[in-house]
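The values are calculated or read from the model by the stated rules, or taken from the named source; none is laboratory data. Source: prediction; values computed, not measured. Glycine also receives a Cβ, built like all others from the backbone with ideal geometry; neighbour counts cover every protein chain displayed. These accessible areas exclude ligands, DNA and RNA; they are computed on the full protein's heavy atoms, side chains included. Shrake-Rupley method; radii C 1.70, N 1.55, O 1.52, S 1.80 Å.
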Amino acid sequence: MPNVTDFIRGETQSQAGSRRELGHLSDEAVLALVSRGDEAALGELYDRYGRVAYGLALRIVRDRSLAEDAVQEAFLAVWRSAGSFLAEHGKPSTWVLTLVHRRAVDLVRREERRRADPIDELSQPTGEATDEEAWLRAQRQVVQEALRKLPPDQREAIELAYYGGFTQSELAERLGQPLGTIKSRMFAGLRRLRELLADAGLELDAP
Amino acid sequence: MVHEEAAAFALDALDREQTEAFQQHLAACPDCDAAVEELRFAAAALAFAVEPLVPSGSLRPRVLDTGAQVIPLRRRRHARFLAAAMVAAASCAVVVAAVRPWETGDSQAGFRRYDAKGANATLLVSRSGEAVLAARRLRPLAAGTVYELWVIAGDRAQPAGLFRGSLATLTRPVPPGATVAVSVEPSGGSSRPTGPLVLRAETT
């Protein structure tokens, strides 16, 4: 049970402390604290989504240092605008990863580093996974399975856009298709993906 | 009619000019706004399909340091009340009852707790009127709707922020004796309550 008096005294600066005090809060609650300038809450949010964020950024920019820049800039944006986000939108995890994605895409477009490799297949677990790792692995499996169920041309457009950082116009040129076709593929594919994820009961909050 | 570019926008597949144009369109089109939110969820889910990786240990302090540099000191002090209120609100009444922070004499941390009527929710109000609402198990919102907070004093209901989750910080102070209420409103909120009232909490 959290110790409120400790919290009032502000004894939440250490990483272990942040884990202990904030671990039971929902993402929304942690973000509300961030919006009020609570550094421990920012640390908690980083601990929840930092690895997914970094994995995503590295997948896009293909450079460790640039990937770290993308994550740092995204969390700075979280810190600055958590309040306005809370007043407007839905899931904190969606928002954080949207910011990370946008920074990574901005960086990669500037650096011309884009690649179009297929995403990594699910690797086999080695040894015993922690609860958190097991949860992430399960999420990963659900999303990858949903992706596999998309028609190939829709999947291709979505993966090149999201993981490759290509704009729709670049995709039209690259794939030799009219821009309207690319737009339709992305729209139909993303909407179908949303349905498949809903069917699978996907919740994207950290455990 | 949802704009076809909503998906490209959600995937960050528009160039700078197209993004700006679409953002202007979004501000004026609630249908697209709601669609983008749905599509964004699917797009962000794609992040979870990538192998999560542990970044170097120096990234965490970098992230936190940047935060510390851009926040004015006064706001950090102010954060204490809300931090205490959040923890109390998000855990359980037992903690609040056992500790009674408003009796500690610490005016920064002091707050009063009110139970809401109509839903399982708790309102915490500081002496200066800052308030946090923590609700449990509110009915899921239909697409294109949002919960809106109201501070009602006398005959006047003033908007106090929008939320969709279970916890919200009110954007305006709650004077003594005012009522805080929550209604369901169209996305973007309303200037006066128009939808069904979900809960109300009367302060003293």
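The mean number of partner chain beta-carbon atoms within 10 angstrom of a residue's beta-carbon across peptide B:114-122 is 0. In the context of the full set of protein chains, residues of the range B:165-204 present 47 Å² of accessible surface per residue (probe radius 1.4 Å, heavy atoms only). Ranked from largest to smallest solvent-accessible area, with a 1.4 Å probe on the protein heavy atoms, A:TRP135, B:TRP150 come out as A:TRP135, B:TRP150. Compactness of the range B:133-184 is given as radius of gyration and Dmax, 11.3, 35 Å, from Cα positions. Residues of the range A:171-195 that lose at least 30 Å² of accessible area (1.4 Å probe, protein heavy atoms only) when the other protein chains are present, relative to their chain alone, are A:LYS183, A:MET186, A:PHE187, A:LEU190, A:ARG194. Contact-buried residues of the range A:42-67, at a threshold of 30 Å² lost accessible area versus the chain by itself: A:LEU42, A:TYR46, A:ARG51, A:VAL52, A:TYR54, A:GLY55 (1.4 Å probe; DNA, RNA and ligands ignored). Association of chains A and B removes close to 7100 square angstrom of accessible area from solvent, both sides included, for a probe radius of 1.4 Å.
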